[in-house]
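The values are calculated or read from the model by the stated rules, or taken from the named source; none is laboratory data. These numbers come from a predicted model, not from an experiment. Cβ coordinates were reconstructed from backbone atoms using ideal geometry, including for glycine residues, and neighbour counts include every protein chain displayed. Just the protein is used for accessible areas: all its heavy atoms, side chains included, with ligands, DNA and RNA removed. Shrake-Rupley method; radii C 1.70, N 1.55, O 1.52, S 1.80 Å.
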Amino acid sequence: MPIRVQLDRVLLEKRMSLTELADRVGVTIANLSILKTGKARAVRFTTLAALCRELDCQPGDILSYEPGPDDAPGDDEDDE
């Protein structure tokens, strides 16, 4: 997946634990951990907005696009 989650970096910069962020955002630690490790297949805009609000950042501070060799046009099964 060419979308990378940089939640660890932002948490470190803000000196906030995953547990504290989970409490502030109202998302389970397990779900934030899945997002943090890059295993999430989707994120709700409401969750992204809450993360940005609590971390005082922009979506681009948490998510980035890094194309790779398997990121050819038409390979995305969600485009249908």
With -39,500 (n - 2.57) per DSSP H segment of 4 or more residues and division by the full residue count of the chain, the 222 nm estimate, nearest 500 deg cm²/dmol, is -13000 deg cm²/dmol
Would you grab the residues whose amide H sits under 5 Å from the one on Leu63? Only those 5+ places off in sequence or on another chain, please, with H modelled 1.01 Å from N.
-> Gln6
Quick one: if you take sqrt(5λ) for each eigenvalue of the C-alpha gyration tensor of the chain, what semi-axes come out, biggest first, whole angstrom?
-> 25, 13, 11
Karplus 3J(HN,Hα) series, Hz, for segment 32-45 with 6.51 cos²θ - 1.76 cosθ + 1.60 (x for Gly, Pro) = 5, 5, 4, 5, 4, 7, x, 8, 6, 9, 7, 9, 6, 4
Run the accessible area of the chain with a 1.4 Å probe and give the carbon-and-sulfur part as a rounded percent.
-> 50
Simple spin-label model, 7 Å along Cα-to-Cβ: Thr46 to Gln58 in nm?
-> 2.6
